[in-house]
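Asker: Structure incoming, see below.
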Amino acid sequence: MKLSRTCGLLPKAALLLTALFFTAYHSARSQQQEYFQGMVQIFGNEEGAAFVNSQQWTAVTKTLYTYMVGEMFPTQVPGTIREYYLVIRKADDVYNCAVGPSFRFWFTHMGKAGHEFVAGFDWGSIEAGTVRWYKIPDNIEQVNAVRARDGIVGNYQDFYFRLDAKLPSTCPADRRLRIFSIYIAAIDKTTGGSTAPINLNNDPVATQYPIYTLGAPGGGLLVTQESITNNTLKPVTNLDMNGTLTARKVKVTMNGWSDFVLKENYPLRSLEDLEQFIKTHQHLPDVPSEKEVLAQGNDLGEMDKKLLQKIEELTLYMIELKKENAAIRRKLEELKK
């Protein structure tokens, strides 16, 4: 009981220290006349962590369908300058790259890139899980800058944006950037506030599919635009798993079946031809060889179809053999008379 009472004091002390810290923090902010208006998460949780392992622009977030970033926050405090920030919770595996990864805004409906910035290159494992703040211009300023540059007359949909990222050309081929979450924050300042300068990006639309990691501390399951895998960052099939799949039932849709064997005029091989084929090829006709299966894998649906074809052919052979045996028995009965 003494131990439980002693331990019970620790959370209370921690809460007291936390309260004192925040009181001091907000007091200092008030003296500096800064008003923190909160953070809005625009990536993470739902998608999982994002992998970027390419030096080409890769889409990270979904398109955010909002007219202006300011709509996410309370009304700006009168007499202040509002600053916007991207707050990115980063992860490991980007080091020895000389410079950090690049991020840009991409305005989906307009088909144009907006502001670009380079993140710090301290994305190594020692810094994993920490956050970085990057001052950004709001989307209204970015779109207006693009319109002025390109002479575009657009509409409100031009302001919808997503975020892209890419690795620098100085990164080794095995490096990959993992992003856990992204927020947009707003701070209203009465003194010392300034809007971020715009650095327009001129690259074309992102050509890489996003890759997201779900589950397990290391991100055991990777999800791309079209594939799910736990095996490779570049799956070649829709489901690429390294391990055992367990299911109560698997249904494979087919474009045909093997009942053509049982139709009239099916060209059934003679047993002599079948024997010769087996001696020459060491596998049944119309069935893939061991070499083919090892190289290309086993298509379960097609293999079931082939196996049924062989079973139906065996059935026809048995029917023929039964007829031959019946004919032989009749002849033997005749000879006995």
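Asker: Which of the residues that make up the stretch 289-317 are open to solvent by 100 Å² or more (accessible area, probe 1.4 Å) and touching a residue at least 40 places away in the same chain (Cβ under 8 Å)?
Answerer: Leu300
Asker: Among the residues of the stretch 318-337, write down those that are under 26 Å from Glu264 (Cβ atoms) and open to solvent by 40 Å² or more (accessible area, probe 1.4 Å).
Answerer: Start the filter on the stretch 318-337 by keeping residues that are under 26 Å from Glu264 (Cβ atoms), which leaves 318-328, 330.
Those that are under 26 Å from Glu264 (Cβ atoms) and open to solvent by 40 Å² or more (accessible area, probe 1.4 Å): Met318, Ile319, Glu320, Leu321, Lys322, Lys323, Glu324, Asn325, Ile328, Arg330.
Asker: Within the stretch 61-72, does at least one residue satisfy the condition of being at pLDDT below 90, over 32 Å from the mean Cα position of the chain (by Cα) and among the basic types (Lys, Arg)?
Answerer: No, because not a single residue in the stretch 61-72 is at pLDDT below 90, over 32 Å from the mean Cα position of the chain (by Cα) and among the basic types (Lys, Arg).
Asker: Can you find, within the stretch 82-97, the residue that is least open to solvent (accessible area, probe 1.4 Å) among those that are modelled with pLDDT of 70 or more and more than 24 Å from the chain's Cα centre (by Cα)?
Answerer: Narrowing the stretch 82-97 to residues modelled with pLDDT of 70 or more: 82-89, 97.
Filter once more, so that each one left must be more than 24 Å from the chain's Cα centre (by Cα): 82-85.
Numbers: Arg82: 21, Glu83: 2, Tyr84: 24, Tyr85: 32 Å².
Applying the filter and picking the extreme gives Glu83.
Asker: Among the residues in the stretch 253-260, are any outside any loop (DSSP other than H, G, I, E, B) and free of Cβ contacts under 8 Å to residues at least 60 places away in the same chain? Step through it out loud before you land on a result.
Answerer: Taking the stretch 253-260 first, the residues outside any loop (DSSP other than H, G, I, E, B) are 259-260.
Right, trim to free of Cβ contacts under 8 Å to residues at least 60 places away in the same chain and you get 259-260.
Taking every residue of the stretch 253-260 in turn, at least one turns out to be outside any loop (DSSP other than H, G, I, E, B) and free of Cβ contacts under 8 Å to residues at least 60 places away in the same chain.
Asker: Looking only at the stretch 110-150, how many residues end up being loosely packed, with under 13 Cβ neighbours inside 10 Å, assigned to a helix (DSSP H, G or I) and at pLDDT 80 or above?
Answerer: 3
Asker: Hey, another quick one. Go through the stretch 175-198 and give me each residue that's in a loop (DSSP other than H, G, I, E, B) and either more than 17 Å from Met39 (Cβ to Cβ) or not aliphatic (A, V, I, L, M) (or both).
Answerer: Filtering the stretch 175-198 for residues in a loop (DSSP other than H, G, I, E, B) gives 175-176, 190-198.
Matches in the stretch 175-198: Arg175, Arg176, Thr190, Thr191, Gly192, Gly193, Ser194, Thr195, Pro197, Ile198.
Asker: Considering only the stretch 230-269, state which residues are at positive phi and open to solvent by 100 Å² or more (accessible area, probe 1.4 Å).
Answerer: Asn265
Asker: Name the one entry in Leu163, Leu200 that is closer than 20 Å to Phe103 by Cα and open to solvent by less than 30 Å² (accessible area, probe 1.4 Å).
Answerer: Leu163
Asker: While we're here: I'm trying to understand the selection: among the residues of the stretch 51-70, which are of a type in the set (Phe, Trp, Tyr) and within 20 Å of Ala186 (Cα to Cα)?
Answerer: Tyr65, Tyr67 - these are the residues of the stretch 51-70 that are of a type in the set (Phe, Trp, Tyr) and within 20 Å of Ala186 (Cα to Cα).
Asker: Contact list please: Cβ distance under 9 Å, first residue in the stretch 274-288 and within 15 Å of Lys310 (Cα to Cα), second residue of a type in the set (Lys, Arg) and open to solvent by 70 Å² or more (accessible area, probe 1.4 Å), pairs at least six apart or on different chains.
Answerer: Phe277/Arg269; Pro285/Arg269
The values are calculated or read from the model by the stated rules, or taken from the named source; none is laboratory data. All values reported here derive from a predicted model rather than from experimental measurement. In this analysis, Cβ positions are derived from the backbone assuming ideal geometry, glycine residues included, and neighbour counts consider all displayed protein chains. When the accessible area is computed, the model is the full protein with side chains, heavy atoms only, and any ligands, DNA or RNA have been set aside. Shrake-Rupley method; radii C 1.70, N 1.55, O 1.52, S 1.80 Å.
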